[in-house]
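This report concerns only the one structure given below.
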Amino acid sequence: MYGCCIFDLDGTLLNTIHALTYTTNQVLGRLGLAQVDEAHMKVFVGNGYKKQMERSLLYAGDKELKHFEESLSIYKEEFAKHCMYQVEPYEGIRQLLTWLKEKNVKIGVLTNKPHQRAVENIEGIFGKGYFDFIQGEQEGIPKKPDPTGLLAMIKSMGACPKDCLYFGDTNTDMETGRAGGVDTAGVLWGFRSKEELEAFHPKYLLNKPEELIRILEGGQ
């Protein structure tokens, strides 16, 4: 049994694609640019909002990124209003988290989403204090796949990398776990493909959250 489990947020704990797409399209609309569909947004997200907006602007026709800096300030304004838009936990996530807490496993969230919005998402769905640690994008902490934030979180929870499991739905997450020497669980209910996750050889590849309960109970 692991001593701590750390989760990516978007596409792993919560289905946030509606909020991400809606906010991005609010920005693009204010700039007079074309809209982005959810299928493309699933590929654009994962590396922080700046990279998300860069990819979206290129897709929308701003090939020279003339609107890039302006888009970032608009995005922060719009996301503060819409970050909870149609956000909901994936089926089975609540049951998995409840089971982990009953086993006294510490749980954390590590995301490239801006920190305040990450806290708002998590506390808005699960309540304040439910997770032992929430870490979003902040100055001074490199974004994933740099493992600095992951290792700092593990240390703060009194654990070590070999005792932790990191969950994510993208190549960025799998790279983060690998760089930190942490076992990874690739989740197939999120934003990216099975092929993308398989390429990084995660310890577990999960179709549903409850599969991990069966795996860990069988290994006890």
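Quick one: P(r) of segment 65-180 from all Cα-Cα pairs, 5 Å bins, percents rounded to integers, in order of increasing distance.
2, 10, 18, 21, 21, 15, 7, 3, 2, 0, 0
Let me have the relative contact order for the chain, percent, based on Cα pairs under 8 Å that are six or more residues apart. The partial results should precede the final answer.
Numbers: 387 pairs, mean separation 55.0, N = 220.
Here the relative contact order equals 25 percent.
To the nearest 10 degrees, how steep is helix 68-82 against the longest Cα principal axis of the chain, on a 0 to 90 scale?
60 degrees
Any idea how far apart Gln86 and Glu69 come out in nm if each label point goes 7 Å out from Cα toward Cβ?
3.4 nm
Grab the alpha carbons of segment 105-163, take their convex hull, and tell me the volume per residue in Å³. All intermediate terms of the calculation are to be shown ahead of the outcome.
Values: hull volume 4.8 nm³, N = 59.
Given the Cα convex hull of segment 105-163, per-residue volume reads 81 Å³.
How do Leu65, Leu150 line up, fewest other C-beta atoms within 10 Å first? Before the final figure, lay out the partial values.
On the way: Leu65 12, Leu150 25.
Result, fewest neighbours first: Leu65, Leu150.
Quick one: Arg55, Arg94, Arg192, fewest Cβ neighbours within 10 Å first, how do they rank?
Values: Arg55 19, Arg94 14, Arg192 22.
Placing the least packed residue first, the sequence is Arg94, Arg55, Arg192.
Mind checking which lysines have their C-alpha under 27 Å from Lys42, skipping anything on the same chain fewer than 8 residues away?
Lys42 reaches Lys50, Lys51, Lys63, Lys66, Lys76, Lys81, Lys113, Lys143, Lys144, Lys194, Lys203, Lys208.
List the equivalent ellipsoid semi-axes of segment 1-130 in whole Å, largest first, each obtained as the square root of 5λ for an eigenvalue λ of the Cα gyration tensor.
31, 13, 12
Scattering from the C-alpha atoms of segment 120-220 alone, worked out with Debye: what is log10 I(q)/I(0) at q = 0.19 1/Å?
Results for segment 120-220 at q = 0.19 Å⁻¹ read -1.10.
Counting pairwise Cα distances across segment 17-82, what percent come out greater than 17 angstrom? Don't skip to the answer; put the middle values down first.
Values: 571 of 2145 pairs.
Everything past 17 Å amounts to 27 percent.
Each value in this text was obtained by applying a stated rule to the coordinates, not by laboratory testing. Remember, it's a predicted structure, so these values are computed and weren't measured experimentally. Heads up, the Cβs are rebuilt from the backbone with ideal geometry, glycines too, and the neighbour counts pull from every protein chain shown.
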